[in-house]
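Worksheet for the structure shown next.
The numbers here are math on the coordinates, done by the rules we state, and not lab data. Not measured: the values here are computed from a predicted model. Here the Cβ positions follow ideal geometry from the backbone for every residue, glycine too, while neighbour counts run over all protein chains shown.
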Amino acid sequence: MKYRVLSGCLAAVLAVAVCGCRSELRTYSVQGTVTAHDGTPLEGVQLVWQCADPPLSATAITDASGRYRLGTFGTGDGAPAGEYQIALSEPQADDPDAAPPQRIDPRYTNFDTSGLRYTVEPGSNRFDIQLEPFGAAGP
């Protein structure tokens, strides 16, 4: 019984903390496209935007046209203003034995090596990302 009460109290405190943080951080529209070096749209690419101040992450997945809308607290709700590092990853195959597609140079999968950094400003933001070919010199 004590465990249930303690768990319920902890859940309530966490809910208030999360709601409190969420209401204090205003998000702004962030959208764009992800394309290969030749301009081909890349579908199913996951974008993770990481901000140090405030410490949080925002994510999106590209559609068939390579378009994305970033979301922090909900799908497509935008991101708080700040400086972000971006990492990209390929979609996971439905078949666990299948090799993932190799459309993205591995350097883009790491925040430190991707070279992708953007600043979200109050208002509407658009960031189109055109990837360099495999083995090209980093940005």
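Say we look at segment 76-114 and pick out the residues that are of a type in the set (S, T, N, Q) and within 19 Å of Pro133 (Cα to Cα); which of these is nearest to the chain's Cα centre (by Cα)? Ranking the candidates gives Ser89 first. Looking at segment 57-70, which of the residues that are in a strand (DSSP E or B) and of a type in the set (Val, Ile, Thr) is nearest to Gly135 (Cα to Cα)? Result: Ile61. Note on segment 72-110: residues that are of a type in the set (Val, Ile, Thr) and assigned to a helix (DSSP H, G or I) amount to 1. Annotation: Phe73 fulfils all but one of (1) surrounded by fewer than 18 Cβ atoms within 10 Å (Cβ to Cβ); (2) of a type in the set (Phe, Trp, Tyr); (3) within 28 Å of Gly135 (Cα to Cα); the unmet one is (3). Say whether the condition of being in a loop (DSSP other than H, G, I, E, B), of a type in the set (S, T, N, Q) and either in contact with a helix residue (DSSP H, G or I) (Cβ under 6 Å, 6 or more places away or on another chain) or touching a residue at least 60 places away in the same chain (Cβ under 8 Å) (or both) is met by at least one residue in segment 113-130. Checking segment 113-130: at least one residue is in a loop (DSSP other than H, G, I, E, B), of a type in the set (S, T, N, Q) and either in contact with a helix residue (DSSP H, G or I) (Cβ under 6 Å, 6 or more places away or on another chain) or touching a residue at least 60 places away in the same chain (Cβ under 8 Å) (or both). Just the residues that are more than 23 Å from Tyr108 (Cβ to Cβ), crowded, with 16+ Cβ neighbours inside 10 Å and in contact (Cβ under 8 Å) with a residue 60 or more places away in the chain, please, taken from segment 22-44. The one that is more than 23 Å from Tyr108 (Cβ to Cβ), crowded, with 16+ Cβ neighbours inside 10 Å and in contact (Cβ under 8 Å) with a residue 60 or more places away in the chain: Tyr28. Phe73 meets each of the listed conditions (1) touching a Pro at 6+ places or on another chain (Cβ under 6 Å); (2) over 16 Å from Glu121 (Cα atoms) apart from (1).
Residue selection: Arg117 fails the criterion of being among the basic types (Lys, Arg), surrounded by 11 or more Cβ atoms within 10 Å (Cβ to Cβ) and over 23 Å from Tyr28 (Cα atoms).
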